[in-house]
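Below: the structure, in structure tokens.
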Amino acid sequence: MQTITLGKTGLRVKKLGFGAMYLPRIKPEESDRVLNHALGLGINYFDTAAAYMDSEEKLGRVLSKRAKDFIIMSRSNSWKMGIDAFRKDFEQSFQRLKIQTIDFYGFHAVNQPDELELAMKEPLAFLKGEKATGRISHIAITGHNPVTMTEALKTGEFEMAMFPFNVIEREPLQTLIDTANKRGVATSIMKPLAGGVIESKQPALRFFLDHTIDVITPGMMSIKEIDENFKAIDEGRPLSKKELADLEEEVSSLGKEFCRRCSYCMPCPHNIMIPFVHMIHMKCYGKEMNDDVAYTLELGKRMLPQLEACEACGKCVEKCPYDIPTPKRVEELRELLGSGNSKH
Ligand code: SF4
Ligand code: SF4
């Protein structure tokens, strides 16, 4: 497995990283096994967030016993709720992870220009202070909107950028990846398999071998997944023209319907979290019931009161550059969550 350097930080990690967002779905003992398996293969970059329920705790159970042979990133989206909330999440990350230093700590989900403006004020000053004391080594930013992320990197304040990029969502190729590379900002790829909608996982991972990104960080929660992903990257074989064409053909229908979670459509007058609507719809609507579908439906039930308030005003559709039919999906999701049956 190729080892790469994360931007200008000098930190060396394997090309395949470990996204820990799904760890809350498995029991602690199973999570220990999965994480130790990843470490055994040499995977040494771990990505988590305060919002991922007990993910930090599960990482802490294993990583805190390893003599710092890993690099970790955590982040919080509570900068949106004020500095006290952000500080609380920050301190909680150290307690949960049971470590003294966090390599990368940052802002989770900075999507809109006004959000970036807010993060750059007191929350950034706070992180810079923590970096000066050595509790964190580098400041990071994550978000789904490549334009906002590009603007963030131009400020020169960030040493790591994490964003979605995959064979369907190629917008980061326009300016974001180039800006990161020119400024020596490390890049970590979230949703390399488009949140699980791409069936041909091996080619979808090999797609990145032709692009100048640093670490690929799929969410993983089983040894089987780790082994499959590891094999795809380890072979170091970029896609041939024919393989790329086949993959593009496979995802072509998805591309037209696929919400990029960029949040251009936000805010909704009824505070509906539109990207979340699409994530749940994509994973559950018309799908056979299984553990993953049941888990996602359970998450979605929390937003049912907001969904009930949608008046199909169409403001979100006007703002979406991809013509995604949000009101239709809100209605379908409302029915789905109301009935608890994934088949409609
Ligand atoms: S519905 Fe459109 S604008 Fe809204 S997050 Fe999805 S792709 Fe972006
Ligand atoms: S159509 Fe529904 S989801 Fe879209 S902006 Fe209007 S109320 Fe919000």
Item to complete: Could you give me the residue pairs with C-beta distances under 9 Å whose first residue belongs to the range 317-340 and is assigned by TED's automatic domain parsing to the domain that holds P305, whose second residue is crowded, with 17+ Cβ neighbours inside 10 Å and charged (D, E, K, R) wherever it lies, and which are 6+ apart or on separate chains?
Response: P321/R260; Y322/R260; I324/R260
Worksheet item: Which condition number does V293 fail, the rest of (1) more than 11 Å from ligand 2 (Cβ to nearest atom); (2) touching a His at 6+ places or on another chain (Cβ under 7 Å) being met?
Response: (2)
Worksheet item: Counting just the residues of the range 262-316 that are in contact with a Pro (Cβ under 9 Å, 6 or more places away or on another chain) and charged (D, E, K, R), which one comes out farthest from T148 (Cα to Cα)?
Response: E311
Worksheet item: Failed condition for I324, given (1) within 16 Å of ligand 2 (Cβ to nearest atom); (2) more than 23 Å from Y22 (Cα to Cα); (3) assigned to a helix (DSSP H, G or I), with all others met?
Response: (3)
Item to complete: Return the total of residues in the range 10-29 being touching a residue at least 60 places away in the same chain (Cβ under 8 Å) and either crowded, with 18+ Cβ neighbours inside 10 Å or of a type outside the set (K, R) (or both).
Response: 13
Worksheet item: For the range 161-201, what are the residues that are surrounded by fewer than 17 Cβ atoms within 10 Å (Cβ to Cβ) and assigned to a helix (DSSP H, G or I)?
Response: L173, D178, N181, K182, R183, G196, K201
Item to complete: Please enumerate the residues belonging to the range 264-286 that are away from ligand 2 (no atom under 16 Å from the Cβ) and surrounded by fewer than 16 Cβ atoms within 10 Å (Cβ to Cβ).
Response: G286
Item to complete: Tell me, please, whether a residue that is charged (D, E, K, R) and under 23 Å from M279 (Cα atoms) can be found in the range 197-217.
Response: yes
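Having 2 or more residues that are within 16 Å of ligand 1 (Cβ to nearest atom) is the bar; report the helices (runs of 4 or more DSSP H) wholly within the range 247-314 that clear it.
The qualifying helices (runs of 4 or more DSSP H) are 274-284, 304-308.
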Fill in: Hey, C259 modelled with pLDDT of 90 or more and either within 16 Å of ligand 2 (Cβ to nearest atom) or closer than 25 Å to F208 by Cα (or both) or not
no
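Are any residues in the range 30-45 of a type outside the set (D, E, K, R), surrounded by fewer than 19 Cβ atoms within 10 Å (Cβ to Cβ) and in contact (Cβ under 8 Å) with a residue 40 or more places away in the chain, and if so, which ones?
H37, L41, G42
Being modelled with pLDDT under 95 and assigned by TED's automatic domain parsing to the domain that holds P172 is true for just one of I223, I198, I213. Which residue is that?
I198
The values are calculated or read from the model by the stated rules, or taken from the named source; none is laboratory data. On a predicted model such as this, the values are computed, not experimentally measured, just so you know. For neighbour counting, all protein chains shown are included, and Cβ atoms are generated from backbone atoms with ideal geometry for every residue, glycine included.
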